[in-house]
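Peer 1: Quick one: structure below, then a few questions.
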Amino acid sequence: MTSWVAIVTGLSLSAWPAAAGGRANVPRRRRLIGALLGALAGLPVGVLGGLAGLLLTGGTVFGPLFAVVAGGTGGLALGTVIGLTAAGWVGAGRMTVAEAIRAEPITLMGFGLCGALTGLAPLRLARAGPVELVAGLGGAFVLAFALGVVFKITTGGWSMDAELAHPREALHRNPTIGLAFGLTGGIAAFLVFVMSQDLVVSLLCAVVGGASFGLSFGAVAWTRTMIGLIVAATRGLLPLRLWSFLDWACEARLLRVSGATYQFRHRELQDFLTPAD
């Protein structure tokens, strides 16, 4: 989770995307204030979360010191990220929470399910009762669902009214986001399976889980684009090196970039390539 938080923080601080309504002009002072307020709010919440985990597992998996330190560190880091994001919200053209949930409810449900499954292992090790099991899994689901919403808004949740400066801007950092999710999913899978499986099986599960998690939740747009491009290339509809081809077409004055789209420079060429039949 530390690597995930670090990548999200870098995205929050960066000037990208340089589109109209982006967060490039957010004053550094406002960012620092937002981060500080988020950290102050996240610290006690994280400590309470760690103590709740200690209570649900009966202290058989980790002790009070670990609960306070781990919970406080997690709450502090996540609170800082959320504060940074909120500081750059004004004029950013970002999705609201309701828009993010309506946009990809199935993805967010899957994110919550992954959180619940990750929390299952320590509860089973502690032989938690039915009440503790339901409370722990429910809390982990809600937390992971909320983090998924925050992550979507922070790293790629554009409002429909936002303008893009280049057609490939939406895909520019999608692989990086997928890497962040993949690292998170892989590490979480390894830590869960190593409790009951040997090292080789745990590493295999980490690789499979990390790749699946990263492609399914973090790099959805990039994955969809690559699959579509491969299918189109095998059918002879598009060149496999599509981005190089589009750049060449712009240099050759056949296409031009207009905001988030490529356009034909000449109507006659467009009509020739798209006959009525």
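Values quoted throughout were computed directly from the atomic coordinates according to the rules given, and no laboratory measurement underlies them. Everything numeric in this text was worked out from a predicted model, so none of it was measured. Note that each Cβ is placed from the backbone with ideal geometry, even for glycine, and that neighbours are counted across all protein chains shown.
Peer 1: Using modelled amide H (1.01 Å from N, peptide plane; none on Pro or chain starts), what sits under 5 Å from the amide H of L255, excluding residues fewer than 5 places away?
Peer 2: C250, R265
Peer 1: Taking 25 Å as R0, compute the FRET efficiency from the Cβ-Cβ separation of F66 and I106 and round it to 0.05.
Peer 2: Values: r = 35 Å, r/R0 = 1.38.
It comes out at approximately 0.10.
Peer 1: Quick check: residue separation of D247 and Y262 times 0.36 nm, minus the Cα distance between them. What number comes out in nm?
Peer 2: Working: separation 15, 0.36 × 15 = 5.40 nm, distance 1.01 nm.
Working it through step by step, the gained length comes to 4.4 nm.
Peer 1: Between R168 and I33, take the C-beta separation as r, use R0 = 41 Å, and let me know the FRET efficiency to the nearest 0.05.
Peer 2: 0.75
Peer 1: What nm value, rounded to one decimal, do you get for the distance between V97 and A41 when each label is placed 7 Å out toward the C-beta?
Peer 2: Spacing of the two 7 Å Cα→Cβ label points: 0.9 nm.
Peer 1: Residue by residue through the range 67-73, what is 3J(HN,Hα) from phi via Karplus (6.51 cos²θ - 1.76 cosθ + 1.60, θ = phi - 60°)? Round to whole Hz and write x for glycine and proline.
Peer 2: 4, 6, 5, 5, x, x, 5
Peer 1: Still on this structure, please answer the following. Need the C-alpha centroid separation for the range 189-237 versus the range 24-55, integer Å.
Peer 2: Centre-to-centre distance over Cα atoms comes out at 31 Å.
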